[in-house]
Amino acid sequence: MSASQAIDRGSRPKYFAATWSLTKVRMLLAMRNRTFFFFSLMMPMLFLIALVIFVGRHGGFISEYALGDLLTLTVMGSFWGLSVQLVTFREQGILRRFRLAPIGAGPLLASSILSNYVMTLPTLFVEILVCRWVLHIQNWGNPWAIFLLITFGSAAFSAFGLIIASVTNTMQETQLINQLIWLGFLFLSGATVPLSLMPMWIRRAALFMPATYLAAGLQTSTTNTVNFFDLATDLLGLAVSLWVAFEISRRLFRWEPEAKVPGRAKLWVIAAMIPFFVFGAYENLHGHLLDHIDQTLNFHSIAASQPTRPALPAQAEIPPQLSNLR
Amino acid sequence: MAAPVIEVKDLYKSYGPVEAVRGVSFAVEEGEVFGLLGPNGAGKTSTVEILEGLRTPDRGVVRVCGLDPQESGDRFKERIGAILQQTNLPDKLRVKEAIELFADLYQKHADTDELLRRFQLVEKSTAFYKNLSGGQKQRLALAMALVNDPQVVFLDEPTAGLDPQVRREIYDIIEDLKRAKKTVLITTHYIEEAERLCDRVAIVDSRKVIADGTPRALKHNSAGSTRIELRLARPLTNGALAHIDAVMNCREFDGSYVLHSSRPPATIVALVKQLEAEGNELQSLEMFSPSLEDVFIELTGRRLRE
């Protein structure tokens, strides 16, 4: 190989280009992976079918509220796949080969998050379209809020998955921890069982979970019972979590299959939860999130009694008794 | 004189209580193909992985292109290419995608189509990694190692486990690198690989370098004897050849006589004279120089692959 044959990129921003190249390859690999298709496309569609069966006859607000839950479940799914894939790559020695190239852990992790986000968007889009068509949802909700929550939510939950990959040593360990955390997200966030139906201590504990902010944010956004600025807590929580989780997973990143994470490094995981300790403490002491969640459900109860409720094109048309909703 | 491209001084590495490298030192000049020859577990891979920046040494000095692999980060990685002892890629990554992906990771890269042609991977360019044979995977690993047109190439057991045909193909590629004046460090436990490819060889055993030099010099300096195998028109009595000049030992084997000589020219002259005197004649004669294997046995008392 003579140097004259080489192509020099000069001062091209290398990390951006490397991240994008890795992202494209990760998307190609995902599309060729049956497991990905099952968990990222089929599972959400099964949730969607269940939603249509159980909620379809209600229509109106109930459907809009349930769409928020469906989107939450799909976005939270970002948490699963990435940790498993990263641990697999490490165990198979694939990451070692990348370690020889001039890229750090940052572009590799960023490409995981980015590819997962891009691959999740079509599923979410299909869910919204199917819900509008089959469940006769007339209301587009708050599209910008939905978009931002999906974006920050997907990225933040992907980053949580990457932390799990960084602190677990084997696939079995990864799967076990994933299952435990996923169950918590699933049943304590309000995405499957409304928090209003839970005992108070569970509701208070749920305020420390990132999934709660995502679920509450998407429920209020799809029902358009929120204005954009009311979502600041949810978005800020997810954005800060994304940043903290990404930085921690980058620092704890291991390329080698035999490299074991030191026990004390696992404490860093707690650092990823600090934003939610702060938000949870604030919400428990001074916040109104639980009130808002209750009011949203009441709102739906009222709305459910009016199955043919017309669309709410603007906040100004929300009934007076609901005007204090976030 | 220019500074060596690779410089290793008094290198030590342990994994917990297990010592892997014990005081290894050597230097490789620019454009040289340098071999680390030794049995499995001798510390070759640990040494080369420290040079690649994959492992941290416990003690010692390591420089590649004047850079410390641990400290120089991307500047160092832009200048090296490497084949790991075991390269793995995602099963469903296609050959062309793999080369293009790695090309994108470097500031400077070779023409990827040219790499596919050169490594005879054009027909397999759309094949998944999992569907490649061992030889094709190794050719792909070589293409990826050269994708950034590196100054220094590390090849860790590049032909291990491959059939002889593929091994010869890999040898041709390494000889191309030699002609292109690349600096190459190769680890191997194949004698013929070290003898054919390497300008200089360091013999590694028990985690340290026990001899180094050109293959010719190592063989020349050893006390190893040349083996002479001959067939005669009429059989001789036992021990008739044992007293010929410089013969160290002689034995009959399946109709042939096998001599070990410390001075082959003197032995052959004496042999011909004796046969003429006895009215006997030579039917065939073959000489075998001492190999690096003989050198290794002389130095360690063991065969290389024991």
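Take the conditions in the same structural domain as B:Val147 (by TED's automatic domain parsing) and surrounded by fewer than 19 Cβ atoms within 10 Å (Cβ to Cβ) and apply them to B:Glu29. Does it pass?
yes
Starting from region B:169-188, keep only residues that are within 12 Å of another protein chain (Cβ to nearest Cβ), then list their pairs with residues that are of a type outside the set (A, V, I, L, M) and surrounded by fewer than 22 Cβ atoms within 10 Å (Cβ to Cβ) whose Cβ atoms are within a distance under 6 Å, requiring at least 6 positions of separation or different chains.
Filtered contacts from region B:169-188: B:Lys181/B:Gly31.
Restricting to region A:245-275, what's the tally of residues that are within 24 Å of A:Ala156 (Cβ to Cβ) and in a helix (DSSP H, G or I)?
18
Output the residues belonging to region A:87-112 that are within 11 Å of another protein chain (Cβ to nearest Cβ) and touching a helix residue (DSSP H, G or I) at 6+ places or on another chain (Cβ under 7 Å).
Here is the first cut: in region A:87-112, the ones within 11 Å of another protein chain (Cβ to nearest Cβ) are A:88-104, A:107-108, A:111.
A:Thr88, A:Phe89, A:Glu91, A:Leu95, A:Phe98, A:Leu100, A:Ala101, A:Pro102, A:Ile103, A:Pro107, A:Leu108, A:Ser111, listed by residue number.
Would you confirm, using the coordinates I've provided, whether B:Val166 is in contact (Cβ under 8 Å) with a residue 40 or more places away in the chain and more than 27 Å from A:Met27 (Cα to Cα)?
In short, no.
Among B:Phe154, B:Phe102, B:Phe119, which is crowded, with 18+ Cβ neighbours inside 10 Å and under 23 Å from B:Glu7 (Cα atoms)? I'd like the intermediate steps shown before the answer.
Details: B:Phe102 fails: under 23 Å from B:Glu7 (Cα atoms); B:Phe119 fails: under 23 Å from B:Glu7 (Cα atoms).
None of the others qualify; the one that does is B:Phe154.
When the residues of region A:164-204 are filtered to those that are under 30 Å from A:Lys260 (Cβ atoms) and hydroxyl-bearing (Ser, Thr, Tyr), which remaining residue is modelled with the highest pLDDT?
A:Thr174
Among the residues of region B:132-151, write down those that are in contact with a strand residue (DSSP E or B) (Cβ under 8 Å, 6 or more places away or on another chain) and part of a loop (DSSP other than H, G, I, E, B).
Selection gives B:Leu146, B:Val147, B:Asn148, B:Asp149, B:Pro150, B:Gln151.
Only one of these is at negative phi, touching a residue at least 12 places away in the same chain (Cβ under 8 Å) and not small (Gly, Ala, Ser): A:Gln179, A:Gln175. Name it.
Result of the check over A:Gln179, A:Gln175: A:Gln175.
Taking the condition buried (at least 20 other Cβ atoms within 10 Å of the Cβ), in a strand (DSSP E or B), facing chain A (nearest Cβ under 9 Å) and out of contact with any His (no Cβ under 9 Å at 6 or more places or on another chain), does B:Gly81 pass? Break it down stepwise before answering.
Working: buried (at least 20 other Cβ atoms within 10 Å of the Cβ): yes; in a strand (DSSP E or B): yes; facing chain A (nearest Cβ under 9 Å): yes; out of contact with any His (no Cβ under 9 Å at 6 or more places or on another chain): yes.
Yes.
If we scan region B:233-245, do we find a residue that is within 17 Å of B:Pro290 (Cα to Cα), surrounded by fewer than 13 Cβ atoms within 10 Å (Cβ to Cβ) and either out of contact with any strand residue (DSSP E or B) (no Cβ under 7 Å at 6 or more places or on another chain) or assigned by TED's automatic domain parsing to the domain that holds B:Phe119 (or both)?
So far as region B:233-245 goes, no, none of its residues is within 17 Å of B:Pro290 (Cα to Cα), surrounded by fewer than 13 Cβ atoms within 10 Å (Cβ to Cβ) and either out of contact with any strand residue (DSSP E or B) (no Cβ under 7 Å at 6 or more places or on another chain) or assigned by TED's automatic domain parsing to the domain that holds B:Phe119 (or both).
What pairs come out if I take residues in region B:91-102 that are at the interface with chain A (Cβ under 7 Å from one of its Cβ atoms) and pair them with residues that are of a type in the set (D, E, K, R) whose C-beta lies under 6 Å away, six or more apart or interchain?
If the second residue must be of a type in the set (D, E, K, R), the pairs left are B:Lys92/A:Arg32.
Can you tell me which residues in region A:203-231 are within 16 Å of A:His288 (Cα to Cα) and β-branched (Val, Ile, Thr)?
Passing the criteria: A:Thr212, A:Thr220, A:Thr225, A:Val226.
Return the only residue of B:Leu54, B:Leu36 being in contact with a Leu (Cβ under 8 Å, 6 or more places away or on another chain), crowded, with 17+ Cβ neighbours inside 10 Å, facing chain A (nearest Cβ under 9 Å) and not in a helix (DSSP H, G or I).
Result of the check over B:Leu54, B:Leu36: B:Leu54.
Residue check: is A:Ile177 hydrophobic (A, V, I, L, M, F, W, C) and surrounded by fewer than 20 Cβ atoms within 10 Å (Cβ to Cβ)?
Yes: the conditions hold for A:Ile177.
I'd like to check something: does region A:151-165 contain any residue that is loosely packed, with under 15 Cβ neighbours inside 10 Å, under 24 Å from A:Leu235 (Cβ atoms) and without any contact (Cβ under 8 Å) to a residue 60 or more places away in the chain?
Checking region A:151-165: not a single residue is loosely packed, with under 15 Cβ neighbours inside 10 Å, under 24 Å from A:Leu235 (Cβ atoms) and without any contact (Cβ under 8 Å) to a residue 60 or more places away in the chain.
Taking region B:174-194 on its own, how many of its residues are part of a helix (DSSP H, G or I), touching a Ser or Thr at 6+ places or on another chain (Cβ under 7 Å) and over 8 Å from B:Gly35 (Cα atoms)?
Initially, region B:174-194 is screened for residues part of a helix (DSSP H, G or I), giving B:174-179, B:191-194.
If we keep only those that are touching a Ser or Thr at 6+ places or on another chain (Cβ under 7 Å) too, we end up with B:191, B:193-194.
When the remaining residues are screened for being over 8 Å from B:Gly35 (Cα atoms), the result is B:191, B:193.
Qualifying residue count, region B:174-194: 2.
Identify, from the list B:Leu197, B:Leu218, the residue that is more than 14 Å from chain A (Cβ to nearest Cβ) and at pLDDT 90 or above.
Unique residue meeting the criteria: B:Leu197.
Looking at the structure I just gave you, is B:Ile174 at pLDDT 90 or above, at negative phi and of a type outside the set (Asp, Glu)?
Taking the combined requirement at face value, the residue satisfies it.
With at pLDDT 85 or above, surrounded by 14 or more Cβ atoms within 10 Å (Cβ to Cβ) and on the phi < 0 side of the Ramachandran plot as the only criterion, which of B:Val258, B:Val209 stands out?
Only one candidate passes the filter, namely B:Val209.
Out of (1) aliphatic (A, V, I, L, M); (2) under 15 Å from the mean Cα position of the chain (by Cα); (3) at pLDDT 90 or above; (4) closer than 20 Å to B:Thr87 by Cα, what's the single condition that is false for B:Ala160?
Of everything listed in (1) aliphatic (A, V, I, L, M); (2) under 15 Å from the mean Cα position of the chain (by Cα); (3) at pLDDT 90 or above; (4) closer than 20 Å to B:Thr87 by Cα, B:Ala160 misses just condition (3).
Being away from every other protein chain (no Cβ under 14 Å) and over 15 Å from the mean Cα position of the chain (by Cα): is that true of B:Ala211 here?
Details: away from every other protein chain (no Cβ under 14 Å): yes; over 15 Å from the mean Cα position of the chain (by Cα): no.
Answer is no for this residue.
What's the number of the only condition in (1) under 29 Å from A:Arg204 (Cα atoms); (2) at pLDDT below 70 that A:Glu317 fails to meet?
The number of the failed condition is (1).
The values are calculated or read from the model by the stated rules, or taken from the named source; none is laboratory data. Values in this document were obtained by computation on a predicted structure and should not be read as measured data. Using ideal geometry, Cβ is built from the backbone for each residue, glycine included, and neighbour counts are taken over all protein chains shown.
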